[in-house]
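Report on one structure; see the data block that follows.
The values are calculated or read from the model by the stated rules, or taken from the named source; none is laboratory data. For clarity, every value in this text was computed on a predicted model and none was experimentally measured. Counting neighbours? That spans all protein chains shown, and the Cβs are built from the backbone with ideal geometry, glycine included. All accessible areas refer to the heavy atoms of the entire protein, side chains included, with ligands and DNA or RNA removed. Shrake-Rupley method; radii C 1.70, N 1.55, O 1.52, S 1.80 Å.
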Amino acid sequence: MADPSSYRPKPGEIPDSPGVYRFRDEHRRVIYVGKAKSLRQRLANYFQDLANLHPRTRTMVTTAASVEWTVVSTEVEALQLEYSWIKEYDPRFNVKYRDDKSYPYLAVTMNEEFPRVQVMRGHKKKGVRYFGPYGHAWAIRDTVDLLLRVFPVRTCSAGVFKNAARTGRPCLLGYIGKCSAPCVGRISAEDHRELAEEFCDFMAGRTGTYLRRLERQMTEAAEEMEYERAARLRDDIGALKKAMEKSAVVLADATDADLIAVAEDELEAALQIFHVRGGRVRGQRGWVTDKVEEVTTAALVEHALQQLYGEERGDAVPKEVLVPALPEPVEPVQEWLTGRRGSHVSLRIPQRGDKKALMETVQRNAQQALALHKTKRASDLTTRSRALEEIADALDLDSAPLRIECYDISHLQGDDVVASMVVFEDGLQRKSEYRRFQIKGFEGQDDVRSMHEVITRRFRRYLADKEKTGEWVDEDGENGLKDEDGRPKKFAYPPQLVVVDGGQPQVAAARRALDELGIDDIAVCGLAKRLEEVWLPQDDDPVILPRTSEGLYLLQRVRDEAHRFAITYQRAKRAKRFRASPLDEVPGLGDTRKQALIKHFGSVKKLRSATIDQIQEVPGIGRKTAETIAAAFARAAPAAPAVNTATGEIIDDEEPDTTAGSSGEPVTAGAPDERRGQER
């Protein structure tokens, strides 16, 4: 525990101007980011008598070992920089809202030639129109199923679309009238895009135009005694009205607004957001956060606004945002929102009428969400704590292993030998800390030697980083704090427990690697797959945990995750090797020019048969480079068709070279236990 006075800036050092500040711990990790209208006044509040500080603030300043700041011109710039740093450094003492699920959106891919309606989760993509979020994916599918009668937009995947275009036969939706079948030319690309635009307009709340148009067409059809067409239009109107009933009108003036409510106690806060478009609730979502700092309702609202709109632009930011408390001061936040939308945004507290009544509904949802979360959280914390305690008791550890690292070796009959390192902290995955290794010390298959090499490399890096960051003092007595970027070191944090996938030989290799590096304060164990036995170094008999043990279940999760991560990397390396191209051998030819070559010629096979003059026609390719490319293909003898030994597929040169544009190694999902006899 550090004394804040040991790193308190000297009087007069802190400027009296707007800015953003960062507290770092002894390992140079950023643990808190804040902004201030006056840095001098704000930072002075942290360096007062500890007894006067809020308990959470006191914990933060005693955990920190230094503070630094950046001066900006305006409070709006401070808000933007604070958001960027919180996103980059993920400080442990800042408010972070946790989504318990990835909310689904109804998306229309307007960036494609034939736009597609589908359910999407995760990060938003450029050129895609989003509606929602929805509480459940089935709610989206029900709505889309009703609207496809009137707006028969494509919903099929790229593979189904290409297959239908190749065979000249549409899918089932095309036959029953719920798709306009652009795959077989029943509708032009322009007309299909117009249909998608109308679908988007309807989802955005502009419903009256289409209903009135259909009613007029139905009346005209009835007057002309085209009763079948009139009946079909009647059913279309019914489908649209049924879809509209799924989101009732809550604000009569067709308002576009987001309503944010907060329910909180001393330790946690729950946030609920209702997205109202065209007067109707189009989506709802919620977050929960631990109050790891002393924070007011207004500050919680400000953090929520940053997280909601930090990546949004244009109409994704509504004209009106209704909140329970206004940030202090409110002007910079409102100016920031206006800048992101491109037009004025009203940020206010509803005082009366329908908006205040709807805000009360959102508030009730927030209170229920907080109560439900506390029930779940108690169960989760109890289970995880019991699992860690059981592991500590079984392995005779001094304390519960809050950080566990697990290692696994993967290969295919001795080829492409790789290893994985996964990290669990407090019983939860820490995916940002995952690492993967290529075995470099020898050729062939030897899991024991591979494990020794990986453990040695990982903890040698840990020792090097430990010395570099100044946790060790150099022989000349000077502290070597040289890292100023605040980014976490790859191997800077040691675990309390190392788990290896394997039995006694792998455990012995891991222990020997640690002993050779002089590390004796990290426990090691192995989990053997066959009987789920836990092996300890220098023990002839394994530790047998009960099958119902939470500790065994946690070790299994850690081991299975390490195996999944290792086999995914191994498959990616193998796939890349199968897709190797002579272009990889051309010195100075980067990914951008490889992509340009493949795009210009269509395939490696056509590029191989091109002349130097033809290659030189590609933008960015000069005469000398074209000659080098032609020479590389001339040296590469025509090989027999490549065969993927994992799937039995023949890899055809006519297919585009997908590795040409990849700057890293592709990662593909894979089941952990496939082909255990050959692939490990």
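Numbers at a glance
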quantity	calculated
Selection status of MET203, at pLDDT below 80 and open to solvent by less than 20 Å² (accessible area, probe 1.4 Å)	yes
Which listed residue, of PRO55, PRO18, PRO104, is in contact (Cβ under 8 Å) with a residue 40 or more places away in the chain and of a type outside the set (A, V, I, L, M, F, W, C)	PRO18
Any chance ALA261 is open to solvent by less than 10 Å² (accessible area, probe 1.4 Å), touching a Ser or Thr at 6+ places or on another chain (Cβ under 7 Å), in contact (Cβ under 8 Å) with a residue 60 or more places away in the chain and farther than 22 Å from ASP201 by Cα	no
Test result for VAL281, more than 30 Å from LEU53 (Cα to Cα), in contact with a His (Cβ under 9 Å, 6 or more places away or on another chain), modelled with pLDDT under 85 and of a type in the set (A, V, I, L, M, F, W, C)	yes
Residue among LEU397, LEU347, LEU388, LEU326 that alone is touching a residue at least 24 places away in the same chain (Cβ under 8 Å) and assigned to a helix (DSSP H, G or I)	LEU388
Options ARG141, ARG116, ARG121: the member that is basic (Lys, Arg), open to solvent by 20 Å² or more (accessible area, probe 1.4 Å) and modelled with pLDDT of 90 or more	ARG116
Condition met for ALA366 (in contact with a strand residue (DSSP E or B) (Cβ under 9 Å, 6 or more places away or on another chain) and either farther than 30 Å from THR338 by Cα or part of a helix (DSSP H, G or I) (or both))	yes
Matching option when the condition is open to solvent by 50 Å² or more (accessible area, probe 1.4 Å), at pLDDT below 80 and within 22 Å of ILE140 (Cα to Cα), among ALA248, ALA252	ALA248
Candidate set: the stretch 19-62, residues that are of a type in the set (Lys, Arg) and in contact with a helix residue (DSSP H, G or I) (Cβ under 9 Å, 6 or more places away or on another chain); chosen: the one modelled with the highest pLDDT	ARG22
Complete set of residues in the stretch 81-95 that are open to solvent by less than 70 Å² (accessible area, probe 1.4 Å) and of a type outside the set (Ser, Thr, Tyr)	LEU81, GLU82, TRP85, ILE86, PRO91, PHE93, ASN94, VAL95
Total residues in the stretch 313-323, condition in a loop (DSSP other than H, G, I, E, B) and either in contact with a strand residue (DSSP E or B) (Cβ under 8 Å, 6 or more places away or on another chain) or over 14 Å from VAL345 (Cα atoms) (or both)	3
Set ASN45, ASN94: member being within 30 Å of LYS125 (Cβ to Cβ) and either touching a Pro at 6+ places or on another chain (Cβ under 9 Å) or among the polar types (S, T, N, Q) (or both)	ASN94
All positions within the stretch 419-446 that are under 22 Å from PRO505 (Cα atoms), open to solvent by 30 Å² or more (accessible area, probe 1.4 Å) and outside any loop (DSSP other than H, G, I, E, B)	ARG436, GLN438
Residue within the stretch 372-382 that is open to solvent by less than 60 Å² (accessible area, probe 1.4 Å), within 28 Å of ALA523 (Cβ to Cβ) and β-branched (Val, Ile, Thr) present	no
Of all residues making up the stretch 61-80, the number that are open to solvent by less than 50 Å² (accessible area, probe 1.4 Å) and closer than 15 Å to ARG340 by Cβ	2
Pairs with Cβ under 9 Å, 6+ apart, first in the stretch 587-598 and farther than 17 Å from GLN616 by Cβ, second assigned to a helix (DSSP H, G or I)	PRO587/THR628
All positions within the stretch 312-339 that are surrounded by fewer than 18 Cβ atoms within 10 Å (Cβ to Cβ) and either modelled with pLDDT of 85 or more or under 30 Å from HIS54 (Cβ atoms) (or both)	LYS319, ALA325, LEU326, GLU328, PRO329, VAL330, GLU331, GLU335, THR338, GLY339
Residue within the stretch 49-60 that is open to solvent by 30 Å² or more (accessible area, probe 1.4 Å), in contact with a strand residue (DSSP E or B) (Cβ under 8 Å, 6 or more places away or on another chain), under 21 Å from HIS303 (Cα atoms) and not in a helix (DSSP H, G or I) present	no
Test: residue in the stretch 329-343 that is in contact with a Leu (Cβ under 7 Å, 6 or more places away or on another chain) and polar (S, T, N, Q)	yes
Selected residue (only one of ILE621, ILE612, ILE567 is at pLDDT 85 or above and open to solvent by 30 Å² or more (accessible area, probe 1.4 Å))	ILE612
Residue match in the stretch 393-403 (condition: open to solvent by less than 10 Å² (accessible area, probe 1.4 Å), under 18 Å from PRO494 (Cβ atoms) and out of contact with any Ser or Thr (no Cβ under 6 Å at 6 or more places or on another chain))	yes
Number of the condition not met by ILE455 [criteria: (1) in contact (Cβ under 8 Å) with a residue 60 or more places away in the chain; (2) surrounded by 16 or more Cβ atoms within 10 Å (Cβ to Cβ); (3) not in a loop (DSSP other than H, G, I, E, B)]	(1)
Residue, nearest to LYS466 (Cα to Cα), within the stretch 515-531, restricted to residues that are out of contact with any Lys or Arg (no Cβ under 7 Å at 6 or more places or on another chain) and buried (at least 21 other Cβ atoms within 10 Å of the Cβ)	ALA523
All helices (runs of 4 or more DSSP H) inside the stretch 153-244 with 2 or more residues being among the β-branched types (Val, Ile, Thr)	158-167, 208-223
Residue match in the stretch 21-40 (condition: over 17 Å from ARG92 (Cα atoms) and exposed (fewer than 14 other Cβ atoms within 10 Å of the Cβ))	no
When residues of the stretch 494-512 are limited to those that are of a type in the set (S, T, N, Q) and assigned to a helix (DSSP H, G or I), the one most open to solvent (accessible area, probe 1.4 Å)	GLN504
Considering residues of the stretch 6-17 that are part of a loop (DSSP other than H, G, I, E, B) and open to solvent by 30 Å² or more (accessible area, probe 1.4 Å) only, the residue modelled with the lowest pLDDT	PRO11
Test: residue in the stretch 288-311 that is open to solvent by less than 40 Å² (accessible area, probe 1.4 Å), within 28 Å of LYS126 (Cβ to Cβ) and part of a strand (DSSP E or B)	no
